[in-house]
1. When the accessible area of the range 235-280 is split by element with a 1.4 Å probe, what percent falls to carbon and sulfur?
2. Rounded to a whole number of µm²/s, how large is the Stokes-Einstein D of the range 93-192 at 4 °C and 1.567 mPa s, given Rh as the Kirkwood radius over C-alpha pairs?
3. Spelling out what I want: for every residue of the range 91-102, take phi, set θ = phi - 60°, compute 6.51 cos²θ - 1.76 cosθ + 1.60 (Karplus), and round to whole Hz; glycine and proline get x.
4. Do you know the relative contact order of the range 25-172, to the nearest whole percent, from alpha carbon pairs under 8 angstrom that are 6+ apart?
5. Could you give me the ³J(HN,Hα) list for the range 114-125, computed from phi with Karplus coefficients 6.51, -1.76, 1.60 and θ = phi - 60°, whole Hz, x at Gly and Pro?
6. Using the per-residue mean of other Cβ atoms lying within 10 Å as a proxy for protection, in what order, highest first, do the peptides 151-161, 248-258 fall?
7. Expressed as a whole number of Å, what is the distance separating the alpha-carbon centroids of the range 118-160 and the range 258-297?
8. So how strong a dipole does the chain carry about its Cα centre when Lys and Arg Cβ are +1 and Asp and Glu Cβ are -1, to the nearest 20 debye?
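The values are calculated or read from the model by the stated rules, or taken from the named source; none is laboratory data. Computed from a predicted model, the values in this text were never measured in an experiment. Reconstructed Cβ throughout: ideal geometry from the backbone, glycine too, with neighbour counts over all protein chains shown. Heads up: the accessible areas ignore ligands, DNA and RNA and are worked out on the full protein's heavy atoms, side chains in. Shrake-Rupley method; radii C 1.70, N 1.55, O 1.52, S 1.80 Å.
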Amino acid sequence: MSPPATAGAPAPGESASGPSPWVLRIVTVGLVLAALNLRPAITSLGPLLEEVRDGLHMSGSVAGVLTSVPPLCFALFGFAAPRLARRFGPSAVVCAGMAAIAAGLLLRPFVGGTAGFLAASALALMGIAVSNVLMPVIVKRWFPDRVGTVTGLYSMALALGTALAAALTVPLTDALGGSWKAGLVVWAGLAAVAVLPWIPLVRKRGPGSERTAGQTAQQAPALRITRSRTSWALACFFGLQATAAYITMQWMPQIFRDAGVSAGTAGVLLAVTMAMGVPLAFVIPRAAARLKNQGVIALVLGGCGLVGYAGLYLAPAGGAWLWALLLGIANCAFPLALTMIGMRARTGAGVVRLSAFAQSTGYLIAAPGPLLVGVLYQHSGGWGLPIALMAGLLVPQMAAGVLAGRDRTIEDEC
């Protein structure tokens, strides 16, 4: 019988100097696989939105509601992530989140009707929401000295999963007989694989484990995070970049299709936009971690977005590839926001609260965006007003990024 653990003893799988290499490898694989699954539920729908609307007999307004469901679910379920993490541990919650994604993607094409499609989508989005919030927490817990590098790694995987779903959904649909249901359900398999690396981490128990750390954090004095100006600036920056990202993921293929681009090419253009995040999502967090003020990066990304929207308005088909590239660069505000979440708090408990507040509040800000674009598109009969809205929102996003990028922590402000 092994001796009982003492208060100062290392956790199973850890040495006195920290986690063992094999545990860190499992965490890294888990982070990458989880990140690959955080967007296919959304970007696989964009290229097939017209077919889904026809198959489920959706009006344009209902389709607009459908495009607003992701940020709304992320906001509502994201607030629950810290409580779940304190009770069960972040790894257990992410493991359950991957299972929820797999189940939701498996069910949604076949449950029948718009209400069933929305309910199954919400199940998948619930899993994405809690995983979104806890990714920075897991990075801070397991890789405290490599926040920028590891954030860049899983941000790159997230961008890769986003791009693959956008590019491959239409070809997969054609290869599987042309059914949009088959084209959407294939992504459930990727989520099922992502469950596996988290299982040994869930089983890990003992002093210093994630569950014990969560219980310790629960006993720590609560931060009054709403008193922090940096928290609000980061929430606004996160919300406005999420607004742009979800409008892009849901509506950009339709903008190109209305300009005369084929459905397959429109999906590839969206994939190009998302694929820009693969290299940049690795570079930007590492660069941001070396800077005392990350505001300059927010300004550069916003400037690229303004040029991209101007081109999308003036010549959507003629310069489609260039606009896709520029908007892809602008969308890399997401890994910048994640990096700043890890840098604006000194402790793991602070990162949990800041991540939940910034992401959940941010997604509440983002929720009306895709719906508003759908309404403007339906009532104006064109894309002029929606594109003007997208460009206009970049200005406060850049301002919030400058404020959130200042060298300070929420613990100091609270």
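1. Percent of accessible area from carbon and sulfur atoms in the range 235-280: 70.
2. In µm²/s, the coefficient is 88.
3. 5, 5, 5, 5, 4, 5, x, 5, 5, 5, 4, 4
4. So the answer I get is 41 percent.
5. 5, 4, x, 4, 5, 5, 5, 4, 5, 4, 5, 5
6. Per-residue Cβ counts within 10 Å, averaged per peptide and sorted highest first, yield 151-161, 248-258.
7. 17
8. 1260
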